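Engineer: So that we are looking at the same thing, I have put the structure below in structure tokens.
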Amino acid sequence: MSGALRAVTIVNALIYFGAAAYHSGVVVAAGALAPASIAEALLGLVLVATVAGLFSPRVGYVIVLAGTLFGLSIVVARGLLGVDLWIHVLMLAGLGIAFALLITRRAARSI
């Protein structure tokens, strides 16, 4: 894992743990949503495991992307278009940066 990807992965893990804290009700009582808190904490742990080398970056990020898209579909279906939507937009932006680093790293190795 490159240094840039490692840094992005750590930041992404912090975003997921922050979202889990928000949904646990610790930050704002109105944000409490236990299932989302558990899912986001688990996805954050997948990112930590990726940094630790327990998952390849591609596998780790595919797992996190799938979970994030599932969460986003719930947000949209329930019409939670406030903070919950913006949390998922931030998550997807972080995942986009990570996938861009993965793709460019792979392309650079094939040259």
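The values are calculated or read from the model by the stated rules, or taken from the named source; none is laboratory data. As the structure is a computational prediction, the values presented were derived from the model and not from experiment. All Cβ positions, glycine included, derive from the backbone under ideal geometry; neighbour counts span all protein chains shown. When the accessible area is computed, the model is the full protein with side chains, heavy atoms only, and any ligands, DNA or RNA have been set aside. Shrake-Rupley method; radii C 1.70, N 1.55, O 1.52, S 1.80 Å.
Engineer: Probe radius 1.4 Å, ligands and nucleic acids ignored: give me the carbon and sulfur share of the accessible area of the chain as a rounded percent.
Structural biologist: 77
Engineer: Okay, next question. How much of residue 81 can a 1.4 Å solvent probe reach, expressed as accessible area in Å² and rounded to 10?
Structural biologist: 110
Engineer: Jot down the radius of gyration and Dmax of the range 1-43, Cα atoms only, both in angstrom.
Structural biologist: For the range 1-43, the Cα radius of gyration and maximum Cα-Cα distance read 12.1, 39 Å.
Engineer: Follow-up question, since we're still on this one. At a Förster radius of 30 Å, what calculated FRET efficiency corresponds to the Cβ-Cβ distance of residue 27 and residue 59, to the nearest 0.05?
Structural biologist: Plugging the Cβ-Cβ distance into 1/(1 + (r/R0)^6) gives 0.50.
Engineer: Let me have the 222 nm mean residue ellipticity of the chain computed from DSSP H runs of 4+ only, each contributing -39500 (n - 2.57), with the sum over all residues rounded to the nearest 500.
Structural biologist: Result for the chain, helices only: -28500 deg cm²/dmol.
Engineer: In debye to the nearest 20, how big a dipole does the chain give about its Cα centre with +1 on each Lys and Arg Cβ and -1 on each Asp and Glu Cβ?
Structural biologist: In total the dipole reaches around 440 debye.
Engineer: Per residue, how much accessible area does the chain show when a 1.4 Å probe rolls over the protein heavy atoms, in square angstrom?
Structural biologist: That works out to 55 Å² for each residue.
Engineer: With a cut-off of 8 Å between alpha carbons and a minimum separation of six or more residues, what is the relative contact order of the chain in percent?
Structural biologist: The value is 27 percent.
Engineer: Let me ask another. Using only Cα atoms, what is the ratio of the radius of gyration of the chain to 2.2 N^0.38 Å?
Structural biologist: Taking N as the residue count of the chain, the ratio is 1.09.
Engineer: State the answer as a single residue: which of 102, 82, 52 lies farthest towards the positive end of the charge dipole of the chain, with beta carbon charges of +1 for Lys and Arg and -1 for Asp and Glu, about the Cα centre.
Structural biologist: Most positive-ward Cα: 102.
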